[in-house]
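K.L.:
Okay, handing you the structure first.
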Amino acid sequence: MTDSTYKITNGCSVTQRSGSSLWMSYINVDGKPLRKSTGTANLAEAIKIAEERYKDAKDRVRRGQSVSVPTFAAAAAERRDIRIAEIDKNKRRGKLTKNRATNKRGELNRSITYLTNFVEDQIGAHTTIDHIGRVDWDAYPEWRQDLRDQEIEFREAAFAKRRDDLTYKWETSSKIRKWYKNLEAYLDKKLESTTGGLGPLKLEVRPTTFRVEYAILRDLMKWCRKKKWLTKADEPELPEITNIIKPRYSFTPDEMSKLWAVAQERYCATRRQIKQRFGKDAYQEILSKDKEAVSRKRILWATILLSATGMRPKSLCEIRRHDVIENPSGSGARKPLRPDGGEGKRSDGSTYPFYALQVTTYKGGQVLTRPVVPESWALEAIDTMISDLKPDDFIIGGTSASLGKGIKKVIRETGLEHGISGEIRTMYSLRHGYINKQLRAGVAPVVVAKNVLSSLEMIEKYYSEIGALNFFDQLSGH
């Protein structure tokens, strides 16, 4: 059996290969070949498909574009690999920290996966990137939310099964009941999530998530134009995502004091248990190695520093001992205060110094290092936590996700998980509480913005309810 070829015109033909029932289109425009299956065994249909491809190829060459256009999935995968290589290169050059590079790779991989799945599910797996328009992308937000609903259903079912399995394990094991007298305490310890099995997953896809995914999609389209797979006219206009300004749920100063007290009591309770179990002689050695003690101590320090500086948790995790500046310029001759208002002194009677924290942030692809000034009541805690650290040791370390889980437990135990209006408060509420407190104390918004590594625009945007009356003394000249 031989190949069957039907010539349509110069540069355009269809061929049925021996052993195959499908027709293959062969196109050549100005010496640029394009071979692609028509996907049909019907000759008339194959000729029609080949003619359309030939016409489209001539139009593309006339516009200076490439004859062959990849599918969306192929183009997205190629662009993703290029961007990941760029991220790794910036990491090696020190422009990105290890955590920042990991987050960027994860963000890129997740976004490309969602965008590709949408195209394959809603438009077609073999759709070339130049055949996807604005109308197609208009359906993306709804599809994305439907997928989120399915993910939540799956997580809820998995969480319910995990809870049932643990409950059965507790009920049938005398050994477990010996260590955990209360079922809820055992479940709280073993279950990774404290939010109904959803973890960090929100019920609704946030506008910020859409903006990140659309930014990656726009970058892909721009890159495709450089590859001559698209023209400016081919690039779809993406639907607008409404920027909903939500209130920043914060803690009051009194509520933050309760959080510190609970975090400290949790750590002290673990210390007492270790001392009772292992005795005074082995106490210190066991304390420094016990996972629960180390974790609760870390959560205590983090709660204090987040409350006293308003910095982002991710930035706090990246601070090392050598980033702590002793007696920075501008601290003057004032005396540090203790949390109770007394003069800050060490056990040997000496006064501990003022401290500032050098924090790394990222703006416009650049790595910037800025000093952050903590409130003086936190200086005693800083002095204690850095006393035995080496220059390159992290003062908190770990990830912001692990901090969030630990602080969430403290918030729940304090009974402050929900605000007056029922809103859920998290560790970021400590940041918002700090900003609110500073603004209400009369500190200029531009100064607050600098200390929390934010912009004046963002402070005014989210904390506009704190008006001029909070600066009465300064404005009135008193």
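K.L.:
List the aspartates and glutamates whose Cα sits under 14 Å from the Cα of residue 390, skipping any in the same chain fewer than 8 residues away.
P.N.:
Partners found: 323.
K.L.:
How big is the accessible area of residue 111 in square angstrom, nearest 10, if you roll a 1.4 angstrom probe over the protein chains?
P.N.:
Around 10 Å² of this residue is reachable by solvent.
K.L.:
Under 18 Å between alpha carbons, and skipping anything fewer than 8 positions from residue 227 in its own chain: which lysines qualify?
P.N.:
32, 58
K.L.:
Would you please name the trypsin sites (Lys or Arg not before Pro) within segment 73-128 that are DSSP coil residues with at most 11 other C-beta atoms within 10 Å of their C-beta?
P.N.:
Details: sites: 79, 80, 83, 89, 91, 92, 93, 95, 98, 100, 104, 105, 110; in loops: 93, 95.
For trypsin sites (Lys or Arg not before Pro) across segment 73-128 that sit outside H, G, I, E and B with at most 11 neighbouring Cβ atoms in 10 Å, the list reads 93.
K.L.:
How about segment 1-38: which chymotrypsin sites (Phe, Trp or Tyr not before Pro) there are in a DSSP loop, with at most 11 other Cβ atoms within 10 Å of their Cβ? Don't jump to the answer; show the numbers that get you there.
P.N.:
On the way: sites: 6, 23, 26; in loops: none.
Qualifying residues, ordered by number: none.
K.L.:
Could you sort 311, 24 by their accessible area in this structure, using a 1.4 Å probe and putting the largest first?
P.N.:
Details: 311 5, 24 50 Å².
These residues rank, largest area first, as 24, 311.
K.L.:
Strictly over 23 Å apart at the Cα level, which of 161/297; 222/314; 291/314 would you flag in this model?
P.N.:
Details: 161/297 32 Å; 222/314 31 Å; 291/314 21 Å.
Check vs 23 Å cut-off fails for 161/297; 222/314.
K.L.:
Compute the orientation-averaged projected area for segment 1-61 from the convex hull of its Cα atoms and round it to one decimal in nm². List each step's numbers first, then the result.
P.N.:
Values: hull surface 15.5 nm².
It is 3.9 nm².
K.L.:
So how much accessible area does residue 317 have, in Å² to the nearest 10, using a 1.4 Å probe?
P.N.:
The accessible area comes out at roughly 10 Å².
K.L.:
Continuing with this model, one more query. Quantify, in whole percent, the carbon and sulfur part of the accessible surface of segment 1-151 (1.4 Å probe; protein heavy atoms only).
P.N.:
Heavy-atom surface of segment 1-151 belonging to carbon and sulfur, 1.4 Å probe: 46 percent.
K.L.:
Over 18 Å between C-alpha atoms is what I'm after, so list which of 7/55; 190/408; 98/289; 175/289 land there. Spell out each step's value before the answer.
P.N.:
Details: 7/55 15 Å; 190/408 15 Å; 98/289 26 Å; 175/289 24 Å.
Where the Cα-Cα span goes over 18 Å, the pairs concerned are 98/289; 175/289.
K.L.:
Let me ask another. Net charge near residue 49, counting Lys/Arg +1 and Asp/Glu -1 over other residues with Cβ under 14 Å of its Cβ? Please report the intermediate quantities before stating the final value.
P.N.:
Working: positive: 35, 36, 48, 53, 55; negative: 45, 51, 52, 56.
Overall, the nearby charge balance is +1.
The values are calculated or read from the model by the stated rules, or taken from the named source; none is laboratory data. Everything numeric here is computed off the predicted structure, so don't read it as measured data. A quick note on method: Cβ atoms are made from the backbone with ideal geometry, for glycine too, and the neighbour counts reach across all protein chains shown. When the accessible area is computed, the model is the full protein with side chains, heavy atoms only, and any ligands, DNA or RNA have been set aside. Shrake-Rupley method; radii C 1.70, N 1.55, O 1.52, S 1.80 Å.
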